Ligand SMILES: [Zn+2]
């Protein structure tokens with residue numbers, strides 16, 4: 001009887017321990033996390049962006065600025081096929097449609113309706129910001145083969161803190177943890193990052 005009590009106690013401790021570590025992982029991914037070094041490790045382990053990637057990310061930046069001009073948060077995304085053709089574009093339309101009108105989920109839906117599975121595999125989504133979990137899972141379900149983002153969710157979280165903006169209502173999870181079998185690159189470095197940061201700053205300063 002005594003042995004059984006101890007066993008149950010050990011199981012209880014193990015369960016509590018599991019829950020605690022699970023919660024800690026979730027917190028690591030939240031926008032207001034202080035895990036800069038973890039984020040950087042993930043980012044540094046990925047392939048470098050090419051000139052072609054930067055060219056398409058600049059198009060995303062222009063779409064993000066279009067969104068800003070229209071009163072939306074500056075996010076823009078494009079789909080590029082294997083012949084290097086831009087086949088679809090989208091920008092944030094949260095003010096115009098509803099709070100779920102992120103460009104990445106719009107493009108994932110467009111790809112599901114207009115491209116074959118083989119074509120989707122050979123398509124890359126370029127986007128000004130790393131997908132939120134809603135858009136990442138849409139991307140994953142549609143099986144778009146590539147994803148290149150300009151800034152990470154972690155970077156955006158740091159900027160929002162700097163601008164004194166209230167945190168998002170969800171936790172952000174790195175896209176690599178949500179999407180299987182996609183070639184993922186990002187974030188960019190240098191001037192483009194400063195440009196997109198300034199767009200976000202303008203959006204939040206104007207509110
Ligand atoms: Zn999203």
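Any read-out appearing in this document is the output of simple, stated calculations on the displayed coordinates, not a laboratory observation. Keep in mind that this is a model prediction, so the values were computed, not measured.
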If contacts are Cα pairs under 8 angstrom and at least 6 residues apart, what is the relative contact order of the range 117-191 in percent?
-> 39
Rg over Rh [alpha-carbon atoms, Kirkwood Rh] for the range 104-206 | 1.01
Using the alpha-carbon centroid of each, what span in Å lies between the range 121-135 and the range 143-188?
-> 9
Could you tell me, in Å, what Rg and Dmax come out for the Cα atoms of the range 157-207?
-> 13.7, 40
What does the range 36-174 give for Rg and for Dmax, in Å, if only its C-alpha atoms count?
-> 14.7, 44
